[in-house]
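Trainee: Here's a structure for you.
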Amino acid sequence: MEKRAVISEFLGTLLLVLFAVGAAVVAGQWIGTLGIALAFGFVLLALAYALGPISGCHVNPAVTLGFLLARRIDGRTAVSYWVAQFLGGIVGAALVLLLAKQVPGLQTSGKLGSNGWGDRSEAHINLFGAFLTEVLLTFLLVYVVLSVTHRLAVTGFDGLPIGMALAVVHLVGIPLTGTSVNPARSLGPAIFAGGAALSQVWLFLLAPLVGGAVAAGVHQLTHPQRVAAEVRETARV
């Protein structure tokens, strides 16, 4: 595992949070749900091409878990990626907060693009509904990532369906939970938002990991030959 791959995961997660969560925090009232969803999708699409050949551009602990369970990366790499992603998410959220403080009258306390259920959900979805939403949305994202990538790297047009999938899950999830599908994306804003955001963040750490694990299992059922071939290829390296 190269050091630059870990740096790429840190930088990629930082940029995803800064520009996508930042779009929701600073420009959300002007661009709306569609604009926020496109911001997430387009940022991930750009990062997939910029960082995909280096680290795979997971920028998401749930995606890394999917790759680990699909046996495309080893445990040491997964742990290194997770540390880099969470640190990147925290630094990215700190930069979002810094930017938001420059906008007169913009309220960030208890919000800052964090996720939630109950009275913190636009649809007032309950706890179980929020958990189910995050599992299902993360399943789609991780399943698409596993299905269109070869081993680790993002090549060719791989980034396009990945970015589209992230945009779609945000279109569905923003009114329900604010859309996490990414524990690192959720932890950073929750830390700086504090209060209820921080007390509810456990769901947005756990549910995406469950969704990622389910996606890895289903992917092995639908792509068994490809998985076996990739394992053999990895063993030869």
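Where a number appears in this text, it was derived from the coordinates with a stated rule and is not lab data. Just so we're clear, the structure is a prediction, and the values are computed from it rather than from any experiment. Positions of Cβ are backbone-derived with ideal geometry, glycine not excepted, and every protein chain shown enters the neighbour counts.
Trainee: With a cut-off of at most 14 other beta carbons within 10 Å, and DSSP calling the residue loop, which chymotrypsin sites (Phe, Trp or Tyr not before Pro) in segment 134-204 qualify? Please list them.
Mentor: Qualifying residues, ordered by number: PHE157.
Trainee: Within the chain, what is the longest stretch that has no GluC sites (Glu not before Pro) placed in a DSSP loop and near at most 16 other beta-carbon atoms within 10 Å?
Mentor: Free of exposed loop sites, the longest segment is 3-121.
Trainee: Now for a separate question. Which residues' amide hydrogens lie under 5 Å from the amide hydrogen of ILE125, considering only partners 5 or more residues apart or on another chain, with H built in the peptide plane?
Mentor: Amide H neighbours of ILE125, under 5 Å, 5+ apart: GLY118.
Trainee: What residues of segment 22-64 lie in the reach of a label at GLU122, counting those whose backbone N is under 19 Å from a point 7 Å from the Cα along Cα→Cβ?
Mentor: 22-43
Trainee: Name the residue, out of THR179, THR133, THR33, whose mean-square fluctuation peaks in a Gaussian network model built on the chain with Cα pairs under 10 Å.
Mentor: Fluctuation is largest for THR33.
Trainee: A follow-up question, please. What nm distance separates the two modelled labels at GLN29 and LEU160, each placed 7 Å from Cα along Cα→Cβ?
Mentor: That separation, rounded to one decimal, is 3.8 nm.
Trainee: Per DSSP H run of n ≥ 4, the term is -39500 (n - 2.57); total these for the chain, divide by its residue number, and report the mean residue ellipticity at 222 nm rounded to 500 deg cm²/dmol.
Mentor: -25000 deg cm²/dmol
Trainee: Something else now. Run the numbers for ASP74 and TRP202: contour at 0.36 nm per residue of separation, minus the present Cα-Cα distance, in nm.
Mentor: Working: separation 128, 0.36 × 128 = 46.08 nm, distance 2.55 nm.
Computed gain between ASP74 and TRP202 is 43.5 nm.
Trainee: To the nearest 20 Debye, how big is the dipole of the chain about its Cα centre, given +1 on the beta carbon of each Lys and Arg and -1 on that of each Asp and Glu?
Mentor: So the dipole magnitude of the chain works out to roughly 380 debye.
Trainee: For segment 32-163, calculate the relative contact order in percent as a whole number, restricting contacts to Cα pairs under 8 Å that are 6 or more residues apart. If you can, show how the numbers build up before the last one.
Mentor: Values: 85 pairs, mean separation 56.3, N = 132.
Result for segment 32-163 is 43 percent.
Trainee: Exactly which chymotrypsin sites (Phe, Trp or Tyr not before Pro) in segment 63-92 are in a DSSP loop and have at most 14 other Cβ atoms within 10 Å?
Mentor: For chymotrypsin sites (Phe, Trp or Tyr not before Pro) across segment 63-92 that sit outside H, G, I, E and B with at most 14 neighbouring Cβ atoms in 10 Å, the list is empty.
Trainee: Please list, in order along segment 40-47, the HN-Hα scalar couplings obtained from phi with the Karplus expression 6.51 cos²θ - 1.76 cosθ + 1.60 (θ = phi - 60°), rounded to whole Hz, x for Gly and Pro.
Mentor: Working through the residues one at a time gives 4, x, 5, 4, 5, 4, 5, 5 Hz.
Trainee: Would you kindly derive the ³J(HN,Hα) couplings of segment 175-188 from the backbone phi angles with the Karplus curve 6.51 cos²θ - 1.76 cosθ + 1.60 (θ = phi - 60°), listing them in order in whole Hz, with x for Gly and Pro?
Mentor: x, 8, 10, x, 6, 9, 6, 7, x, 5, 5, 7, 5, x
Trainee: Pop out the ³J(HN,Hα) list for segment 102-111 in order, Karplus 6.51 cos²θ - 1.76 cosθ + 1.60 with θ = phi - 60°, rounded to Hz; leave Gly and Pro as x.
Mentor: Result, rounded to whole Hz: 8, 9, x, x, 7, 8, 10, 4, x, 10.
Trainee: Just in segment 66-166: which trypsin sites (Lys or Arg not before Pro) are loop by DSSP and have at most 15 other Cβ atoms within 10 Å?
Mentor: For trypsin sites (Lys or Arg not before Pro) across segment 66-166 that sit outside H, G, I, E and B with at most 15 neighbouring Cβ atoms in 10 Å, the list reads ARG71, LYS101.
Trainee: Here is a follow-up. Check HIS150: other-chain or 5+ apart residues with amide H under 5 Å from its amide H, H built from backbone geometry?
Mentor: Residues meeting the amide H criterion: THR155.
Trainee: Next up: Residues with amide H under 5 Å of HIS223's amide H, sequence separation 5 or more or different chain, H placed in the peptide plane at 1.01 Å from N; which?
Mentor: The answer is none.
Trainee: If you don't mind, there's one more thing I want to ask. Let a ≥ b ≥ c be the square roots of the eigenvalues of the Cα gyration tensor of segment 167-214; is it rounded (a/c under 1.5), or, if not, prolate (a/b larger than b/c) or oblate? Present the calculation step by step, with values, prior to reporting the outcome.
Mentor: Details: a/c = 2.13, a/b = 1.33, b/c = 1.60.
Here segment 167-214 falls in the oblate category.
Trainee: Same structure again: Once Lys and Arg get +1 and Asp and Glu get -1 on their Cβ, which of GLY12, LEU98, VAL181 lies farthest toward the positive end of the dipole of the chain?
Mentor: It is GLY12.
Trainee: Once you keep just the Cα pairs under 8 angstrom separated by 6 or more residues, what percentage relative contact order results for segment 3-236?
Mentor: Relative CO of segment 3-236 lands at 31 percent.
Trainee: Can you give the FRET efficiency to the nearest 0.05 for VAL168 and LYS101, using r as the Cβ-Cβ distance and R₀ = 35 Å?
Mentor: 0.65
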